[in-house]
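Q: Dumping the structure here so I can ask a few things about it.
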Amino acid sequence: MEEYIEYKVVIFTSIPYAFGFLGFLTRLFFIRLKVTTQVLVQKLRKWIDEASIKILPQGPIGKAMTYCINQWPKLIRCFDDGRLALDNNVIENKIRPRALGRKNYLFAGSHDAAQRIAMMYSMFATCSLHDVNPRDWLTYVIENIQDTKMSELDKLLPQNFGGV
């Protein structure tokens, strides 16, 4: 059985609240998939409800607690469905290589060239997201764009490419 940390507020300053809040969040990240997570989440909510009335609502910790209370339904959703992640690290790691290309836009030579580079990065990122070979897709687009109606151009997007 998981042991629980009891948070007793002795001094009514924001520092103990901050450490208590961070302590709860740290525990949630490390034991999210365990059964005891539900108990910790309930204790966190109870602690926030009790502590939030004892601190200044306009202070940084008060604002953080108010934000947490307002976002509570979204926060606990990841504990109801194990497929949902508590963070978005997977997506962040996927887009990082493309985000690094943004610096290249500064040296594109002109605003129009930077826009073209950004569009290509976006298209190649979409190819990567949908497991489409960018070279095959681009070859297909170049070969078929003349015969495609304006109203059907979306069929040439990487997510709609079937590897024909």
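Q: So how many residues does region 109-141 have that are over 23 Å from the mean Cα position of the chain (by Cα), under 16 Å from Asn160 (Cβ atoms) and not in a loop (DSSP other than H, G, I, E, B)? Walk me through it before giving the result.
A: Residues of region 109-141 that are over 23 Å from the mean Cα position of the chain (by Cα), as a first pass: 109-117, 120, 132-141.
If we keep only those that are under 16 Å from Asn160 (Cβ atoms) too, we end up with 132-134, 136-141.
Of the ones still in play, those that are also not in a loop (DSSP other than H, G, I, E, B) are 134, 136-141.
Matching residues across region 109-141 total 7.
Q: Something else about it: Which members of region 60-85 meet the condition of being within 21 Å of Gly20 (Cβ to Cβ) and surrounded by 14 or more Cβ atoms within 10 Å (Cβ to Cβ)?
A: Ile61, Gly62, Ala64, Met65, Thr66, Cys68, Trp72, Leu75, Ile76, Phe79
Q: Further question on the same structure: For the condition on the phi < 0 side of the Ramachandran plot, at pLDDT 70 or above and assigned to a loop (DSSP other than H, G, I, E, B), what is the one hit in Ile5, Ile61, Ile69, Ile55?
A: Ile55
Q: Among the residues of region 109-164, what is the count of those that are among the basic types (Lys, Arg) and surrounded by 10 or more Cβ atoms within 10 Å (Cβ to Cβ)?
A: Selection size over region 109-164: 2.
Q: If the Cβ limit is 8 Å and pairs must be 6+ apart or interchain, which residue in region 72-96 that is modelled with pLDDT under 70 pairs with which residue that is of a type in the set (A, V, I, L, M)?
A: Pairs found: Gly82/Leu33.
The values are calculated or read from the model by the stated rules, or taken from the named source; none is laboratory data. No experiment lies behind these values; they were computed from the predicted model shown. We place every Cβ from the backbone using ideal geometry, glycine too, and count neighbours over all the protein chains shown.
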